[in-house]
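Asker: One structure, pasted below without further comment.
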């Protein structure tokens, strides 16, 4: 099949959605399918070989400037080409700080308004781009915030359009009014322009059916899948230099001290991801294990606006006399991630919202590290399907009880780690995800529906 997949870049951040989109495209290419993975806003940053196209549509600098002042929509195309250069976008993306919620909301609404909004020039450039492309069999928009592209792409290619659902509600709920209500209304209005929605978990399919008013029979579930290459069983060596590649010489290998019980966190460092809850739970565990050797290790992207949040987490541990037991490792690449996971005895990501994905849980289980998770969102189905951890109530006391249970029972820790290691390979590989994805695409392709433009006009 010939497939066009359009995904939003996340600048200098390792983004779970980008990692998923790239991994699926790579596996499809390996199977002989013709895949175009096209980034919007910024180039993709991945921790595996990047298979996306080098050009960027809706370049982040151009979009920002046009939203700020309509004068920039009149710039000549040679200036656009300069601003949309991946090299220029990368140079500016790394220097940006926090985003004004008002501007973020306005940009979101403009993207959803499509050619009727202030970004009409960018939609015109998209149509110009399609004229040089052979029509794909299926178009996939990798998140619903790109749904404004559905109608123009369906009109240009006359082919079915899919849209992936993988966590957009958190973004929408974070917008300020009136942009939040306007964006949600536009999303619901444009559901009719999409042939099939693809949710990354059973939980999210149910939730988004109600949230965006999508008929349940128009949502297919394609669970997450990870590339297992390099994810060998933890505990095989005294030091874990990283098995997914070579650990850069500028950064030390992670040392594994088997006499220390290590609690880990691997996610963006942000309030909604719950590092503060894990720090609270850690203090509760330490009050019951004062003589034990225990550590709390964290890694993941830290945005400038969340540096004070991390400082608050650190101060709370220092007040409890535990500051020396905590270390933040920063953003880590694939090799460092595998090495980091090898140092852990348990991983916990106590998100404060109903997480639809849970990518890091799968990665921890892939090396045999058990997890302790709040019973909410996709965490429930992942842990129940794999048997690779414990589910607890979504509060610090329950989280502490789960972690303590694994600390005092090494045999249980080993059993859960083994189940996770085996069952994540049975249920959550990228190969299995692609099998399910192709089933959705082939079903759409075989139906040979009338072009969406005809349906939209009726």
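The values are calculated or read from the model by the stated rules, or taken from the named source; none is laboratory data. What you see is a predicted model; the values in this text were computed from it and never measured. Cβ coordinates were reconstructed from backbone atoms using ideal geometry, including for glycine residues, and neighbour counts include every protein chain displayed.
Asker: Kindly provide the set of residues from the range 164-190 that are part of a helix (DSSP H, G or I) and more than 18 Å from the chain's Cα centre (by Cα), ordered by number.
Answerer: Scanning the range 164-190 gives 179, 180, 181, 182, 183, 184, 185, 186, 187, 188, 189, 190.
Asker: For the range 277-300, how many residues are farther than 14 Å from residue 403 by Cβ and either touching a helix residue (DSSP H, G or I) at 6+ places or on another chain (Cβ under 7 Å) or surrounded by 20 or more Cβ atoms within 10 Å (Cβ to Cβ) (or both)?
Answerer: 3
Asker: Which of the residues belonging to the range 43-66 are outside any loop (DSSP other than H, G, I, E, B), surrounded by 21 or more Cβ atoms within 10 Å (Cβ to Cβ) and without any contact (Cβ under 8 Å) to a residue 60 or more places away in the chain?
Answerer: Correct list: 60, 61, 63, 66.
Asker: Hey, can you tell me all the residues within the range 119-155 that are buried (at least 20 other Cβ atoms within 10 Å of the Cβ), in a loop (DSSP other than H, G, I, E, B) and out of contact with any strand residue (DSSP E or B) (no Cβ under 6 Å at 6 or more places or on another chain)?
Answerer: Scanning the range 119-155 gives a single hit, 119.
Asker: In the list 161, 200, which residue meets the criterion of being at pLDDT 95 or above and within 16 Å of the chain's Cα centre (by Cα)?
Answerer: Values: 161 fails: within 16 Å of the chain's Cα centre (by Cα).
Among 161, 200, only 200 is at pLDDT 95 or above and within 16 Å of the chain's Cα centre (by Cα).
Asker: While we're here: Would you mention how many residues in the range 314-339 are over 21 Å from residue 18 (Cα atoms) and buried (at least 22 other Cβ atoms within 10 Å of the Cβ)?
Answerer: Residues flagged as over 21 Å from residue 18 (Cα atoms) and buried (at least 22 other Cβ atoms within 10 Å of the Cβ) within the range 314-339 amount to 1.
Asker: Something else now. When you look at residue 310, is it over 19 Å from residue 16 (Cα atoms), in the same structural domain as residue 405 (by TED's automatic domain parsing) and in contact with a helix residue (DSSP H, G or I) (Cβ under 8 Å, 6 or more places away or on another chain), yes or no? Steps first, answer last, please.
Answerer: Details: over 19 Å from residue 16 (Cα atoms): yes; in the same structural domain as residue 405 (by TED's automatic domain parsing): yes; in contact with a helix residue (DSSP H, G or I) (Cβ under 8 Å, 6 or more places away or on another chain): yes.
So residue 310 passes the test.
Asker: Also: If we scan the range 385-400, do we find a residue that is closer than 18 Å to residue 16 by Cβ and surrounded by fewer than 24 Cβ atoms within 10 Å (Cβ to Cβ)?
Answerer: no
Asker: Can you find a residue in the range 439-451 that is in contact with a helix residue (DSSP H, G or I) (Cβ under 9 Å, 6 or more places away or on another chain), within 30 Å of residue 192 (Cα to Cα) and touching a residue at least 60 places away in the same chain (Cβ under 8 Å)?
Answerer: Applying the first criterion (in contact with a helix residue (DSSP H, G or I) (Cβ under 9 Å, 6 or more places away or on another chain)) to the range 439-451 yields 449, 451.
Going one step further and asking which of them are within 30 Å of residue 192 (Cα to Cα), we end up with 449, 451.
Retained after the next criterion (residues that are touching a residue at least 60 places away in the same chain (Cβ under 8 Å)): 449, 451.
Yes, some residue in the range 439-451 is in contact with a helix residue (DSSP H, G or I) (Cβ under 9 Å, 6 or more places away or on another chain), within 30 Å of residue 192 (Cα to Cα) and touching a residue at least 60 places away in the same chain (Cβ under 8 Å).
Asker: Then there is this: Looking at the structure I just gave you, is residue 360 assigned by TED's automatic domain parsing to the domain that holds residue 420 and within 14 Å of residue 276 (Cα to Cα)?
Answerer: No; evaluated as a whole, the condition is false for this residue.
Asker: Tell me the strands (runs of 3 or more DSSP E) entirely within the range 304-421 that contain at least 2 residues that are over 18 Å from residue 294 (Cα atoms) and under 24 Å from the mean Cα position of the chain (by Cα).
Answerer: Output list reads 371-374, 389-392.
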